[in-house]
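Have a look at the structure below, then the notes.
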Amino acid sequence: EGADITVGPNGNIYVVWPIHDSWNYYSVYEDAIGFSMSTNGGNNWTVSQRVLNIQGIRGFWFHKNPEGIGIQVTSWPSIEVNNGIIYIVWTDRRYGDPDILLSKSTDVGITWSTPVRVNQDQLGNGIDQWLPNLSINSDGVISVIFYDSRNDQNNQLTEVYIAQSLDNGTTFKD
């Protein structure tokens, strides 16, 4: 559930997905991000790897709907490749509430950078950001679009935000 796939300029295919160490349909968070790649058009794949441990958000958020109907949320990762660098974004609650994080690999997925927080609201403020999607333009500008509730003190109303990085994902500005 929740895989994302991209093709690099050299034809390599990259895929990421959330990993669940145990399973319960209603309440188990994602524990990691899995990664695999193919260098021959998908005929063969590298051994699947657990590349990043995360604190996922999978479940139903009832606080978003005053009617009490929950919305299903997950930490589905999004992946892109630019100039030989593989980028992944996902939703993570390691700082106390759901935030958007990014990690990158400069060695074809063997190692991954320490995650960078993409959303720029106050850390640990109890506000939700989730469901990111990643895009990189021809100039190397990294854009991450995501849902965000920072402008509602009740953390219910949701807007769409975009954060961009001009320095290969080192820093972001909303």
Given the options D92, D148, D121, state which has the largest fluctuation in a GNM of the chain using a 10 Å cut-off (strictly under) for Cα springs. D121
At q = 0.10, 0.17, 0.22 Å⁻¹, what is the log10 ratio I(q)/I(0) for the stretch 26-129, with the Debye formula run over Cα points and no solvent? -0.34, -0.84, -1.18
Determine ³J(HN,Hα), in whole Hz, for all residues of the stretch 145-154 in sequence, where each value follows from phi through the Karplus function 6.51 cos²θ - 1.76 cosθ + 1.60 and θ = phi - 60°; x replaces Gly and Pro. 9, 7, 7, 8, 10, 4, 8, 10, 4, 8
Taking only the Cα positions of the chain, the convex hull volume per residue in Å³ is 112
What is the calculated FRET efficiency for S143 to N53, with r their C-beta to C-beta distance and R₀ = 30 Å, to the nearest 0.05? 0.70
How big is the stretch 60-112 on each of its three principal axes, counting only the C-alpha atoms and giving the largest first in Å? 47, 20, 14
For the chain, built as a Gaussian network whose Cα springs stay under 10 Å, the top-fluctuating residue of L131, L102, L157: L157
I need to check one value: relative contact order of the chain, counting alpha carbon pairs closer than 8 Å and at least 6 residues apart, in percent. 15
Could you check how much of the accessible area of the stretch 1-79 is carbon and sulfur, as a whole percent, using a 1.4 Å probe? 52
Treating only the Cβ of Lys, Arg, Asp and Glu as charged (+1, +1, -1, -1), what charge dipole size does the chain show about its Cα centre? Round to the nearest 20 debye. 260
Residue among S105, S78, S143 with the largest mean-square fluctuation in a Gaussian network model of the chain, springs linking Cα atoms under 10 Å: S105
For the residue pair L166 and F60, what label-to-label distance in nm results when each label sits 7 Å from Cα along the Cα-to-beta-carbon direction? 4.5
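The values are calculated or read from the model by the stated rules, or taken from the named source; none is laboratory data. Remember, predicted model here, so these are calculated numbers, not experimental data. Cβ sites come from the backbone with ideal geometry, for glycine too, and all protein chains shown count toward neighbours. In case anyone asks, the SASA skips ligands and DNA or RNA and just uses the protein heavy atoms, side chains included. Shrake-Rupley method; radii C 1.70, N 1.55, O 1.52, S 1.80 Å.
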